[in-house]
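The values are calculated or read from the model by the stated rules, or taken from the named source; none is laboratory data. Quick caveat: nothing in here was measured; it's all calculated off a predicted structure. Cβ coordinates were reconstructed from backbone atoms using ideal geometry, including for glycine residues, and neighbour counts include every protein chain displayed.
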Amino acid sequence: MVRVAVLSAGSWGTAMAKVFADAGSDVTVHARRPEVADAINHQCENPAYLPGVTLPDRLRATTSAPEALEGAAHVVLSIPAQTLRTNLAAWTPHIGADAVVVSLMKGVETRSGLRMTQVIHDVAGIGPERVAILSGPNLAREDGAQQPAASVIACTDESAAAALQRACHTHYFRPYTGTDVVGCELGGAVKNVIALAVGLATGLGLGDNARALLITRGLAETARLGAAMGADPLTFSGLAGAGDLIATCSSPLSRNRTFGEHLGRGLTVDEAMVATKQTAEGVKSCRAVLDLAAAHGVEMPITEVVSAVIAGAVSVPDAAAALMSRTPKPERYDV
């Protein structure tokens, strides 16, 4: 039986811990709060983050990261992107020499502009053959309810990706494998920014035409940045690209879309954070994504407007006008 450590016990981490356990893996979740660990261990539920979802008996929780990591063949990281560097520095000494580290995080580090797998390389000194990204259209509550879902596990080492695939393949969760780590990570990070834009439009009372416009042109922005950074263009038409983007922009379960809706209805950024309750990665990552675009000479108008709204430089009503008043162009993925 494969040992899996999941750090930490938020909604997405808990949902994927359940997936690994349902697939037959021996799973230990690291929870910061004792009451969350106790609920998982004694009630088979995480009422704080995934209420109503029954967790398998083989899934255990602990407040000790070293205990969770002991003997783990797969180390699954599911924490806010901007906290990864500090937490991973403390966890690294307890990660096994042959363990494969899997990122569930969908963000870009604000200070460095590094993707999450790059932060893992930088902090833990782990080579790319032992670092993977799992990304796709996965809303935690639907995964927890065992509704059909799929995702992509990308790693430069195909055998490592295949081992992870076996460890989390269930009757309701279908993992695919790939090697385009850059494309999968960018798809996950940028879709959160586009979902903020869709939320803004929804909060303003705009309709399906506006949503379709933002999703389609948002995918174009993502593909442009990906091409400039060496990603496989086909990745953005798959689960980690269009699939994740559509789910995040379309569902009321999406944190980033929900955050954008709060802003569109007149809440401030601080008020929207309180109302959303959980981390909306696009809020912190939008500036870093825009900086990446500038460094690679890529134009990303939706990301630029969202970043300006979050920074308070542009009002929500003016954001829509700014996008619609751009100079008309032919529809190509490079414009």
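For beta carbons closer than 8 Å, sequence separation of 6+ or different chains, a first residue in region 87-109 that is farther than 19 Å from Cys184 by Cβ and a second that is of a type in the set (Lys, Arg), the qualifying pairs are Asp98/Arg130; Ala99/Arg130. Is it the case that Asp26 is of a type in the set (Asp, Glu) and under 28 Å from Leu253 (Cβ atoms)? It is false that Asp26 is of a type in the set (Asp, Glu) and under 28 Å from Leu253 (Cβ atoms).
Would you check if there is a residue in region 60-69 being surrounded by 18 or more Cβ atoms within 10 Å (Cβ to Cβ), in contact with a strand residue (DSSP E or B) (Cβ under 6 Å, 6 or more places away or on another chain) and in a loop (DSSP other than H, G, I, E, B)? No, there is no match, as no residue in region 60-69 is surrounded by 18 or more Cβ atoms within 10 Å (Cβ to Cβ), in contact with a strand residue (DSSP E or B) (Cβ under 6 Å, 6 or more places away or on another chain) and in a loop (DSSP other than H, G, I, E, B).
Of the candidates Arg257, Arg224, Arg217, the single residue that is in contact (Cβ under 8 Å) with a residue 60 or more places away in the chain and within 17 Å of the chain's Cα centre (by Cα) is Arg257.
A quick yes/no check of all residues on (1) assigned to a strand (DSSP E or B); (2) within 22 Å of Gly24 (Cβ to Cβ); (3) within 19 Å of the chain's Cα centre (by Cα):
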residue: Ser159; (1), (2), (3): no, yes, no
residue: Thr170; (1), (2), (3): no, yes, no
residue: Arg174; (1), (2), (3): yes, yes, yes
residue: Gly188; (1), (2), (3): no, no, yes
residue: Ile194; (1), (2), (3): no, no, yes
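Restricted to region 18-52, and to residues there that are touching a strand residue (DSSP E or B) at 6+ places or on another chain (Cβ under 7 Å) and in a loop (DSSP other than H, G, I, E, B), the residue that is surrounded by the most Cβ atoms within 10 Å (Cβ to Cβ) is Ala31. Checking each residue in region 215-241 for being of a type in the set (Gly, Ala, Ser), in a helix (DSSP H, G or I) and within 16 Å of Gly178 (Cα to Cα) picks out Gly226, Ser237, Ala240, Gly241.
When the residues of region 136-149 are filtered to those that are of a type outside the set (Gly, Ala, Ser) and in a loop (DSSP other than H, G, I, E, B), the one that is surrounded by the most Cβ atoms within 10 Å (Cβ to Cβ) is Asn138. If you go through region 203-232 and pick out every residue that is farther than 21 Å from Ala294 by Cβ and touching a Pro at 6+ places or on another chain (Cβ under 9 Å), you end up with 1.
Could you check, for region 299-307, whether at least one of its residues is part of a loop (DSSP other than H, G, I, E, B), in the same structural domain as Leu267 (by TED's automatic domain parsing) and not polar (S, T, N, Q)?
Yes, region 299-307 contains a residue that is part of a loop (DSSP other than H, G, I, E, B), in the same structural domain as Leu267 (by TED's automatic domain parsing) and not polar (S, T, N, Q).
Just a yes or no: is a residue in region 38-48 in the same structural domain as Leu7 (by TED's automatic domain parsing) and touching a residue at least 40 places away in the same chain (Cβ under 8 Å)? No, the conditions are met nowhere in region 38-48.
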